[in-house]
């Protein structure tokens, strides 16, 4: 009988009843033990995306084969990162997942975002650029709608605050330069890094992105606020407007 979470009886098997075995005929416990051993000995890079998902799903689905579920998630969303970034409601639509498993996956994403944010907060941001990019991609790269985020920095270029300012549509987010600068003044920030995502996956800046960035820089400069960069993130990587010499 299917339970209320969207997958068939995930409770431990009754005494004398064997747990369902993986489709390849390998014993469930043996398969899980070998996957865990490979993770311990060779690390996460030795695992395919669906295998890393399996490890996460072991606890959420304790007595069922998680390999088909993991493969369905990858087939639906494309990659490990895209699975974690997918909306909770969409995850729950996948056969074998359900609301509780979807929530577990979103918890993993939240943990990853908090970890990467912790590596950046309070540090000299310009000297920790790779960690800034890692954090921005973890926070926004797989979102389905455009989001506009601002990193507010102090005079030593340490992170004061990281705020999500706007959420828009699949290809547009309204940004108001004077509101951006007003918030910077409220926080006593002296520098900004703008960040937004392209849900299409392609981080190439549009003409509108470039014009908006230059407008914010123009409004901020007379008030002693420097715009260091505008980073665009997507599934296919990231783009820096400063690196592209567009600002």
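Some observations on this one:
- Any hit, segment 56-69, residues being within 30 Å of residue 242 (Cβ to Cβ), in contact (Cβ under 8 Å) with a residue 12 or more places away in the chain and either under 18 Å from the mean Cα position of the chain (by Cα) or crowded, with 16+ Cβ neighbours inside 10 Å (or both): no
- Of the residues making up segment 232-247, those that are touching a helix residue (DSSP H, G or I) at 6+ places or on another chain (Cβ under 6 Å) and either at pLDDT 95 or above or assigned to a loop (DSSP other than H, G, I, E, B) (or both) number 3.
- A single member of 222, 199, 203 is touching a residue at least 40 places away in the same chain (Cβ under 8 Å), assigned by TED's automatic domain parsing to the domain that holds residue 127 and not in a strand (DSSP E or B), and it is 199.
- Residue selection: residue 115 fails the criterion of being within 27 Å of residue 136 (Cα to Cα), in contact with a helix residue (DSSP H, G or I) (Cβ under 8 Å, 6 or more places away or on another chain) and either modelled with pLDDT of 85 or more or in a helix (DSSP H, G or I) (or both).
- Some residue of segment 178-192 being under 24 Å from the mean Cα position of the chain (by Cα) and within 20 Å of residue 129 (Cβ to Cβ): yes
- Of the residues making up segment 173-181, at least one is surrounded by fewer than 14 Cβ atoms within 10 Å (Cβ to Cβ) and in contact (Cβ under 8 Å) with a residue 40 or more places away in the chain.
- The listed residues are 85, 98, 81, and the only one of them that is at positive phi and out of contact with any strand residue (DSSP E or B) (no Cβ under 8 Å at 6 or more places or on another chain) turns out to be 98.
- Only a single item in (1) part of a helix (DSSP H, G or I); (2) touching a strand residue (DSSP E or B) at 6+ places or on another chain (Cβ under 8 Å); (3) closer than 28 Å to residue 83 by Cβ is not met by residue 134, and it is number (2).
The values are calculated or read from the model by the stated rules, or taken from the named source; none is laboratory data. As the structure is a prediction and not an experimental result, all values here were calculated from the model. As a convention, Cβ positions derive from the backbone with ideal geometry for all residues, glycine included, and neighbour counts pool all protein chains shown.
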